[in-house]
Amino acid sequence: MTSNRGTRRGTWVARRQLYVASALTLVSLSAASRAEQDTTRVSPHESATHVVDAATITITYGRPSKRGRAIFGALIPFGEVWMPGADESTILQTSAGLRFGSVSLPAGSYSLYTIPSAAAWKLIINKQTGQWHTEYNADRDFARLDMRIDRLPQAVEQLTIVAAPVPERGGELRIDWDTTRAAAPFTVLK
């Protein structure tokens, strides 16, 4: 005669083994997916850290190359939302609050989008992070800001995003690619 206690224990052990096996399978699939994603990337990824007036600003993004292509108004259409970068979302992380014009951005992590045009750009600071670069949710926008456009004297082959210190004025978030620089000035909140 089999006791209920022995049957329950056997069932519990079998369930536990099933849960462990399921968890290991999910972890393996996730790791394989990440490895496949990493090996199929065309654009290198970078995390660049900049210090502006004692604020540490890290920008993490994929860096596509021009490779002889026309970029703005062609590969990147004018008037449409574009995340500067490749693969996962481009992330700006700041250790201190930043002020872009009249907008105060608290310390934290944000994704960056833009709306390029021939004459002017908009910088979109979005509260959603961790998404793929093509997934844009306007309901999560923190702010939309004007960006200054400059023509660079020489083409920049690989997309470059920096938070550059500007003496006596704080800093600028700069997006350089091809012969275009889009810049948004900011100050660090104290």
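Each reported figure results from applying straightforward, stated rules to the coordinates on display, with no laboratory input. Note that the structure is predicted; figures quoted are calculated from it, not measured. Please note: Cβ atoms are built from the backbone with ideal geometry, for glycine as well, and neighbour counts cover all protein chains shown.
Worth pointing out:
- Amide H within-cut-off set for Leu105, under 5 Å, with H built and near neighbours excluded: Leu98, Arg99, Phe100
- Tensor-based shape of the range 123-190 (alpha-carbon gyration tensor, a/c under 1.5 rounded, otherwise prolate or oblate): oblate
- Three-way shape call for the range 69-190 based on the alpha-carbon gyration tensor, with the a/c threshold at 1.5: oblate
- Structural descriptor for the range 73-160: relative contact order 27 percent, calculated from alpha carbon pairs under 8 angstrom and at least 6 residues apart.
- Label-point separation, Ala107 to Arg144 (7 Å along Cα→Cβ), nm: 3.1 nm
- Using θ = phi - 60° in the Karplus curve 6.51 cos²θ - 1.76 cosθ + 1.60, the 3J(HN,Hα) couplings for the range 72-81 round to 7, x, 10, 4, 9, x, 6, x, 10, 5 Hz; x is entered for Gly and Pro.
- Assuming charge only on the beta carbon of Lys and Arg (+1) and of Asp and Glu (-1), the dipole of the range 42-188 about its Cα centre is about 220 debye to the nearest 20.
- Pairwise centroid distance, computed over Cα atoms, of the range 90-145 with the range 49-63, Å: 14 Å
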